[in-house]
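S.K.: Have a look at the structure that comes next, please.
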Amino acid sequence: MIAPSILSADFARLAEEAAAVPGADWLHVDVMDGHFVPNLTLGLPVVEALERSTAIPLDCHLMINNPDRWAPGYAEAGSRNVTVHAEAAHDPRGCARDIRAAGALAGLSIKPGTPLEDWVEVLRDFDTLLVMSVEPGFGGQSFMPEVLDKVRTARRLVDTGHLTVLVEIDGGISASTIEQAAEAGVDCFVAGSAVYGAEDPGRAVAALRAQAVAASDHLDEG
Ligand code: DX5
Ligand code: ZN
């Protein structure tokens, strides 16, 4: 799956920017509060408007403090997946329950320095795991390959039936990094600057997908 991040799109033309990536599986929406991360983006009213403007399922990534209070609203707005940060949630399991009760998939994100081991039990209550491959807050940063160990561990836990999460990666995904992420076992790739910085965002999505598929086919061959 490819999830273009609208953080790198033109915020004054979000409906057109969504229409520019018709082949996207999810549209990734970075909600930042200027507290959990040192940047401020958009909130629920914009997500509600975007929901009315595109048929692409929304993947809301909440980089905010106290997601316990705010996450259910993003699910009620019709998002397909709502992700909270492990480092910010007071009661992650309660967040997952509330997000699911409001009709969305529940995601848990971990920053590059957060160990996966600490969250494996909690992840039993989640549908997606978002592994950050940059420090959250800004688009266009360099990919951190050291987080791929966490992806490999998560992949193993899923493949052996210990977890049932979709493994998603976010940060620095581009033509030069997507193959190593695919080989490590990522299911869903978020890409901001690599899609919206391209001349043709729709073609960039198709090209990234082709690379990821080729890299994981090669894995299956052994
Ligand atoms: C960063 C955001 C990302 C961002 C990725 O905090 O969570 O979703 O849009 O941007 P790129 O793909 O440019 O690294
Ligand atoms: Zn994100």
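The values are calculated or read from the model by the stated rules, or taken from the named source; none is laboratory data. This structure is a prediction, so every number in the text was calculated from the model and none was measured. Note that we place each Cβ from the backbone using ideal geometry, even for glycine, and neighbour counts take in every protein chain shown. Just so you know, the surface numbers come from the protein's heavy atoms only, side chains and all, with ligands and any DNA or RNA stripped out. Shrake-Rupley method; radii C 1.70, N 1.55, O 1.52, S 1.80 Å.
S.K.: Using the beta-carbon distance between ALA175 and GLU16 and R0 = 22 Å, what value does 1/(1 + (r/R0)^6) give for FRET efficiency, to the nearest 0.05?
M.R.: After rounding to 0.05, the efficiency reads 0.35.
S.K.: With +1 on the Cβ of every Lys and Arg and -1 on the Cβ of every Asp and Glu, and nothing else charged, how large is the dipole of segment 120-222 about its Cα centre, in debye rounded to the nearest 20?
M.R.: Magnitude of the dipole: close to 60 debye.
S.K.: Another one. Keeping every protein chain present and rolling a 1.4 Å probe, give me the accessible area per residue for segment 1-124 in Å². Please report the intermediate quantities before stating the final value.
M.R.: Working: 5120 Å² over 124 residues.
In whole numbers, segment 1-124 has 41 Å² accessible per residue.
S.K.: Among ALA198, THR164, ALA96, whose Cα sits farthest toward the positive end of the charge dipole of segment 94-222 (+1 at Cβ of Lys/Arg, -1 at Cβ of Asp/Glu, about the Cα centre)?
M.R.: Most positive-ward Cα: ALA96.
S.K.: Quick one: go through segment 2-22 and flag any residue whose amide nitrogen is under 16 Å from the point 7 Å out along the Cα-to-Cβ line of ALA55.
M.R.: Correct set: 16, 18-22.
S.K.: Under a plain spin-label model, where a point goes 7 Å from the Cα along Cα-to-Cβ, how far apart in nm are GLU183 and VAL46?
M.R.: For GLU183 paired with VAL46, the spin-label model returns 3.6 nm.
S.K.: Let me ask something else about it. Could you work out how far apart the two model spin labels at LEU219 and ARG156 are, taking each label as a point 7 Å from the Cα in the direction of the beta carbon, and quote it in nm?
M.R.: About 1.4 nm, to one decimal.
S.K.: For the ranges 13-25, 163-175, what's the packing order if you count other beta-carbon atoms within 10 Å of each residue, average per peptide, and put the highest first?
M.R.: In descending order of packing, they fall as 163-175, 13-25.
S.K.: Related question: Which of the trypsin sites (Lys or Arg not before Pro) found in segment 83-182 are loop residues per DSSP with 14 or fewer other Cβ atoms within 10 Å of their Cβ?
M.R.: ARG124
S.K.: If you take every DSSP beta bridge whose two residues both sit in the chain, what share of them, in percent to the nearest 5, is antiparallel? Don't skip to the end; give the middle numbers.
M.R.: Numbers: 1 of 32 bridges.
About 5 percent, rounded to the nearest 5.
S.K.: Return the sequence-ordered ³J(HN,Hα) values of segment 15-20 in whole Hz as given by the Karplus equation 6.51 cos²θ - 1.76 cosθ + 1.60 applied to θ = phi - 60°, using x for Gly and Pro.
M.R.: Karplus values, whole Hz, x for Gly and Pro: 5, 5, 5, 5, 5, 6.
S.K.: Further question on the same structure: Running a GNM on the chain with Cα contacts under 10 Å, which residue among PRO145, PRO112, PRO72 ends up with the highest mean-square fluctuation?
M.R.: Comparing PRO145, PRO112, PRO72 in the GNM, the peak value goes to PRO145.
S.K.: First measure r as the distance between the Cβ atoms of ASP149 and HIS90, then evaluate 1/(1 + (r/R0)^6) with R0 = 41 Å and state the FRET efficiency to the nearest 0.05.
M.R.: Working from the Cβ atoms, E equals 0.90.
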